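Read the structure below first, then the notes.
The values are calculated or read from the model by the stated rules, or taken from the named source; none is laboratory data. As the structure is a prediction and not an experimental result, all values here were calculated from the model. Because the Cβ atoms are built from the backbone with ideal geometry, glycine has one as well, and the counts that use them run over all protein chains shown. All accessible areas refer to the heavy atoms of the entire protein, side chains included, with ligands and DNA or RNA removed. Shrake-Rupley method; radii C 1.70, N 1.55, O 1.52, S 1.80 Å.
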Amino acid sequence: MLCLIGSPVGHSGSPAMYNYSFNRLGLDYAYLAFDIKEEETAEAIRALRLLNVRGFNITMPCKTATLACCDRLSKAAELIGAVNTVVNEDGKLIGHNTDGLGWVRNCREHGFTIEGKKMTIAGSGGAATAIEITAALQGLKEMSIFALKDSFFANAQNTVEKIRANVPGCTVNLYDLADKDTFYREIADSDIFTNATRVGMKPMDDQSLIEDPGAFRKDLTISDVVYNPRETKLIAEAAAAGCRTIPGIGMLLWQGAEAFHLYTGMEMPTEEVREKYFAE
Ligand code: NAD
């Protein structure tokens with residue numbers, strides 16, 4: 001058995017995606033979803049350990065509480081401070097975070113490799129932290145992080161400290177997102193801009209962090225984590241200006257595919273899954 005824990009999970013596409021893939025590959029697994037509140041995380045994981053499940057995915061609000069329940073953590077999960085995939089290896093629960101790997105793979109599938117590149121990225125929440133840490137671990141050369149001075153800002157400071165201490169080969173700087181001159185200057189000097197904030201997601205779907213269309217150079221790649229709507233204002237405007245665009249839905253697909261590989265050692269039939277469940 002495999003499953004998803006978190007709350008709410010009723011509308012999650014994960015059971016359909018994984019069960020379709022197991023059937024397609026003839027694998028004898030079943031994937032369920034359980035509604036688990038944050039304070040129930042440790043108890044739920046004790047039960048899953050007792051049942052000796054192969055593994056489980058974790059969604060909000062249980063991602064941070066899961067850290068302390070694992071026997072070991074991947075480097076990315078440890079630095080991100082959140083776990084979205086747990087694999088049971090002979091009774092030991094190993095915590096991984098595939099969100100950032102899903103973003104890296106999505107970039108590669110769209111023809112953009114991050115090694116040696118400079119990225120400007122906005123955001124300091126869950127998705128942003130996963131991308132920032134993983135991109136640094138995976139060979140990004142330079143990163144300019146822009147964040148609002150809201151309750152998430154301390155996260156961004158923490159992320160910068162962790163990258164400087166653990167990945168000295170990646171130069172990282174943090175700026176106030178309200179400083180628009182610096183924002184556009186850093187984008188002008190970057191290979192890729194990533195929106196890892198909620199801007200662009202309903203009800204902010206009429207907004208984009210890039211308000212100056214002059215920022216859209218043809219050799220600038222634009223990536224968005226928001227997948228609701230599928231085409232955000234940022235992605236639509238960047239595509240119209242001729243930029244390479246990387247919408248957020250592929251990150252969701254590929255973080256699932258990375259977890260599938262950790263569970264089964266096999267590749268998820270991603271092309272079929274994309275057509276059935278993840279149309280861009
Ligand atoms: P979060 O609540 O952890 O973080 C939200 C971030 O948005 C913070 O950095 C906050 O400062 C910023 N923000 C909020 N309002 C803003 C505004 N008006 N201007 C500028 N910044 C603002 O959320 P999260 O879990 O990181 O999710 C962020 C987005 O990423 C959501 O749209 C979510 O659906 C999406 N997401 C996508 C994937 C994927 O696989 N594609 C995975 C996780 C999250």
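Miscellaneous remarks
- Residues that are within 16 Å of the ligand (Cβ to nearest atom) and closer than 26 Å to Tyr227 by Cβ are absent from segment 47-55.
- Against the list (1) free of Cβ contacts under 8 Å to residues at least 24 places away in the same chain; (2) within 16 Å of the ligand (Cβ to nearest atom); (3) under 19 Å from Gly139 (Cβ atoms), the condition Ile192 fails is (1).
- Test result for Leu262, open to solvent by 40 Å² or more (accessible area, probe 1.4 Å) and under 17 Å from the mean Cα position of the chain (by Cα): yes
- The listed residue being within 11 Å of the ligand (Cβ to nearest atom), open to solvent by 20 Å² or more (accessible area, probe 1.4 Å) and not polar (S, T, N, Q), out of Phe153, Phe146: Phe153
- Filter result (part of a helix (DSSP H, G or I) and away from the ligand (no atom under 13 Å from the Cβ)) within segment 245-275: Phe260, His261, Leu262, Tyr263, Thr264, Thr270, Glu271, Glu272, Val273, Arg274, Glu275
- Flag if Ser223 is part of a loop (DSSP other than H, G, I, E, B), within 11 Å of the ligand (Cβ to nearest atom), in contact with a helix residue (DSSP H, G or I) (Cβ under 9 Å, 6 or more places away or on another chain) and among the polar types (S, T, N, Q): no
- Listed by position, the strands (runs of 3 or more DSSP E) inside segment 106-200 whose residues that are in contact with a helix residue (DSSP H, G or I) (Cβ under 6 Å, 6 or more places away or on another chain) number at least 3 are 142-147, 171-176.
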